[in-house]
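Visitor: One structure, pasted below without further comment.
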Amino acid sequence: MKWLSRNFDNSVVTIPGLLITIGLVFGNIGTSPLYTVKAIFNNADSYSDLLVLGSLSCIFWTLTLLSSIKYIVITLRADNKGEGGIFALFALIRKKTVWAAILTMTGGAALLADGILTPAITLTSSLEGFRLISPAFPVVPVVIIFLLIIFFVQQFGINFYAWSTFGPLMIIWFLMIAIVGGAQVIDTPEVLKAFNPVYAVKFLVLFPGAFILLGFIFLCITGAEALYSDLGHCGRKNIRLTWIFVKISLVINYFGQGAWILKNNGQGTAMPFFDMMPSWFLVPGIVISIIASVIATQALIRGTFTLIMEAVSLNFWPKIKIINPTDVRGQVYLPFMNWLLLILCCTAVLLFRQSGNMEVAYGLSIAITMIMSTLLLIYYLKRRGVDFRIAVIMLSIFLIIEIAFLISNLYKFMMGGWFTILLALFYFVAMFGWYFGRKIKNRRISFSKLEGYIETFKDLKEDQTIPKIATNLVYIIKANNPDQVESKVIYSIFNKQPKRADHYWLLHVDMVDEPYRCEYKVTHIIPGILIRIDFHIGFKVDPQINMHFRQVVADLVRSGEIEIESGFDSLRKHGFPGDFKFVILERIMLPDFKLTNIENFILTIRGLVRRISISDEKALQLDSSNTIVEQVPIIVEQTIDNRIKQIGK
């Protein structure tokens, strides 16, 4: 097994790359045959051969146009240093306008919300197969048990070898659905007429209620967004090559289900995926389906964690605890999101109880995500210098199809679609308040020129009348210009309570658009006294600032640029190193400042969302025993309407 590597190069085609891609990327879209055809025929008002051939034609061309052409051919080119997904696409847009941010929030929120139903509908659909053997099989309790186990093991992580195992298991799944479906196609070859797009057009024009059924046909591409969002884990070439195998397997199975329905004249279509299996293979088929559903659920959870981590790095989501449970690059565990997802998934199972009920709720939010990603792609192509008219023409066909799917999915709103829309609204409001609340606060930041305080720093260091607070005093700052610092830092050092130290450090953390960048730059503003460190951290890198800072200090000591011996004579002569104390400044808005109603509303949302956020101290992984958190006021310039008057003089 020498070919197994924990950090394979995803820019080239490799055996581990292909295996991990199949196990990681295609779980959701790969298990959609469990419920898509069933949803279409169980919600059709009547049966005819046109229903079979037309819906299959729509499925094939939807997979071709949206999955193959939009995502595989076009969107995978919009990679951010090898990373993909809606947040990575936003990071690629250099001028991040308000509208680009809102499109990203909307798409990200909808993607996260619809992901709640993915584990529920996939596991429920696979376990319902046992009802063909025993009608009294307790599907809901068993699904809940599966969910409890899956979410419980997240804290231990999934190592590389486990992901490599998922690949062969999913290959077995795709081979199974292709063989089972292919047997039916061979038996009823007239189903192959559905490759002709004319049947899709006839279906939409002639079949009663065809437009409503588009909402169920759309289920065949739920999970297509993972083809782009998992780009960084698997690589463009691996995804494109494996998609050929996956798409062929999916199409054969869909056509096989259609062939079985044609052969039986539409009778007994309650569960066509399992009904068309030979009776002797039913139990093995159900077991393989359950395994594929578990893998799809695992991939969905990992994808959700990655999305949230990217949202945190891009300031769309509050800072939450992020754990790296294994040495697999990019794998993270988010305790808060893990248990929130578990609660919401169990709620969905208990609320809808059957996969048929979930089908009418599923897909509405993901249609919104696809529209947002298309609009962002147009925005990105325009920013890349592509003529706006050409960009619109290139992507308008996808936008028209996606809008049609969204409108048809609106039929599902009162039947359960409200559940995912409500969740999407929750995610969107949280992102909106956090992102724009930060913008409001940042508008109130004032900066001071460091050159005006050079002598002041020198004098403060030598002032024996002021007790020394630490040998090294470290501030986390936001000023991008190395010649400036926030006025609140100057206020903290000189005004609030003079803080004397031998060395002052200004740490600036720049979360860059490149996903895995991890670099630093040193600027000696006052040699030996005031030093600025700029960390350039990618949006997929865990910002372990305490560890990074120790590495920087070690580099500076090794190069002779600074000494870190204790600033106290009695300790220095015994070889004790200098102590470090971190200062985090928390800006607060004083109650007498007047803001607009919308600003107050946004800051109120930010305040509520902040309750789930961890402190900057924990987010930057600083040593809490050596960290001071100070509150400083945000100064807002405002006119005084009624000046108070002095009396009695």
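The values are calculated or read from the model by the stated rules, or taken from the named source; none is laboratory data. All values derive from a computational prediction rather than experimental measurement. We place every Cβ from the backbone using ideal geometry, glycine too, and count neighbours over all the protein chains shown. Just the protein is used for accessible areas: all its heavy atoms, side chains included, with ligands, DNA and RNA removed. Shrake-Rupley method; radii C 1.70, N 1.55, O 1.52, S 1.80 Å.
Visitor: Determine which member of the set P498, P467, P543, P515 is over 24 Å from I588 (Cβ atoms) and open to solvent by 10 Å² or more (accessible area, probe 1.4 Å).
Guide: Just one listed residue meets the conditions, P467.
Visitor: Another question about this same structure. Out of L132, L147, L111, which single residue is in contact (Cβ under 8 Å) with a residue 60 or more places away in the chain, under 27 Å from V429 (Cβ atoms) and open to solvent by 10 Å² or more (accessible area, probe 1.4 Å)?
Guide: L111
Visitor: Would you point out which residue out of M372, M337 is in a helix (DSSP H, G or I), open to solvent by 10 Å² or more (accessible area, probe 1.4 Å) and not β-branched (V, I, T)?
Guide: M372
Visitor: I need the full set of residues from segment 432-483 which are among the basic types (K, R), without any contact (Cβ under 8 Å) to a residue 40 or more places away in the chain and part of a helix (DSSP H, G or I), in order please.
Guide: The answer is K439, R443.
Visitor: Working carefully through the options I291, I301, find the one that is under 26 Å from S32 (Cβ atoms) and either acidic (D, E) or open to solvent by 10 Å² or more (accessible area, probe 1.4 Å) (or both).
Guide: The match here is I291.
Visitor: Follow-up. So, I378, is that one free of Cβ contacts under 8 Å to residues at least 40 places away in the same chain, over 13 Å from the mean Cα position of the chain (by Cα) and open to solvent by less than 20 Å² (accessible area, probe 1.4 Å) or not?
Guide: Yes: the conditions hold for I378.
Visitor: Right, next: List the helices (runs of 4 or more DSSP H) inside segment 186-270, counting only whole elements, that have at least 3 residues being in contact (Cβ under 8 Å) with a residue 60 or more places away in the chain and more than 30 Å from Q354 (Cβ to Cβ).
Guide: In segment 186-270, 197-206, 231-234, 236-263 are the helices (runs of 4 or more DSSP H) which contain 3 or more residues that are in contact (Cβ under 8 Å) with a residue 60 or more places away in the chain and more than 30 Å from Q354 (Cβ to Cβ).
Visitor: When segment 14-53 is examined, which residues are found to be assigned to a helix (DSSP H, G or I), aliphatic (A, V, I, L, M) and over 17 Å from F211 (Cα atoms)?
Guide: I15, L18, L19, I20, I22, L24, I29, L34, listed by residue number.
Visitor: Looking only at segment 59-108, how many residues end up being hydrophobic (A, V, I, L, M, F, W, C) and open to solvent by 10 Å² or more (accessible area, probe 1.4 Å)?
Guide: Total meeting the criteria: 12.
Visitor: Ok, one more. Would you pick out the residues in segment 304-319 that are open to solvent by less than 30 Å² (accessible area, probe 1.4 Å), modelled with pLDDT of 85 or more and part of a loop (DSSP other than H, G, I, E, B)?
Guide: Selection gives F316, W317, P318.
Visitor: On to the next question. Checking the condition hydroxyl-bearing (S, T, Y), more than 26 Å from I291 (Cα to Cα) and at pLDDT 85 or above, which residue from S67, S48 passes?
Guide: The match here is S48.
Visitor: So if I check each of K247, K193, K263, which one is surrounded by fewer than 24 Cβ atoms within 10 Å (Cβ to Cβ) and under 30 Å from the mean Cα position of the chain (by Cα)?
Guide: Exactly one residue qualifies, and that residue is K247.
Visitor: Separate question: May I ask you to say which residue of S487, S492 is open to solvent by 10 Å² or more (accessible area, probe 1.4 Å), touching a residue at least 40 places away in the same chain (Cβ under 8 Å) and among the small types (G, A, S)?
Guide: S487
Visitor: Considering every residue within segment 395-412, establish whether at least one is surrounded by fewer than 21 Cβ atoms within 10 Å (Cβ to Cβ), under 18 Å from the mean Cα position of the chain (by Cα) and free of Cβ contacts under 8 Å to residues at least 60 places away in the same chain.
Guide: Looking for residues that are surrounded by fewer than 21 Cβ atoms within 10 Å (Cβ to Cβ), under 18 Å from the mean Cα position of the chain (by Cα) and free of Cβ contacts under 8 Å to residues at least 60 places away in the same chain, one finds none in segment 395-412, hence no.
Visitor: Continuing with this model, one more query. Quick check on this structure: which one of L231, L227 is modelled with pLDDT under 90, touching a Ser or Thr at 6+ places or on another chain (Cβ under 8 Å) and surrounded by 16 or more Cβ atoms within 10 Å (Cβ to Cβ)?
Guide: Every option except L227 fails the conditions.
Visitor: Assess whether I531 counts as being open to solvent by less than 10 Å² (accessible area, probe 1.4 Å), under 30 Å from G85 (Cα atoms) and among the aliphatic types (A, V, I, L, M).
Guide: Criteria not met by I531.
Visitor: Tell me, yes or no, whether segment 359-370 has at least one residue that is in contact (Cβ under 8 Å) with a residue 60 or more places away in the chain, closer than 20 Å to A78 by Cα and more than 19 Å from the chain's Cα centre (by Cα).
Guide: No: zero hits.
Visitor: Here is a follow-up. If you go through segment 617-643 one residue at a time, how many are modelled with pLDDT under 80 and open to solvent by 60 Å² or more (accessible area, probe 1.4 Å)?
Guide: 13
Visitor: Something else about it: Give K247, K263 a once-over and let me know the one that is farther than 29 Å from I403 by Cα, out of contact with any strand residue (DSSP E or B) (no Cβ under 7 Å at 6 or more places or on another chain) and of a type outside the set (S, T, N, Q).
Guide: K263
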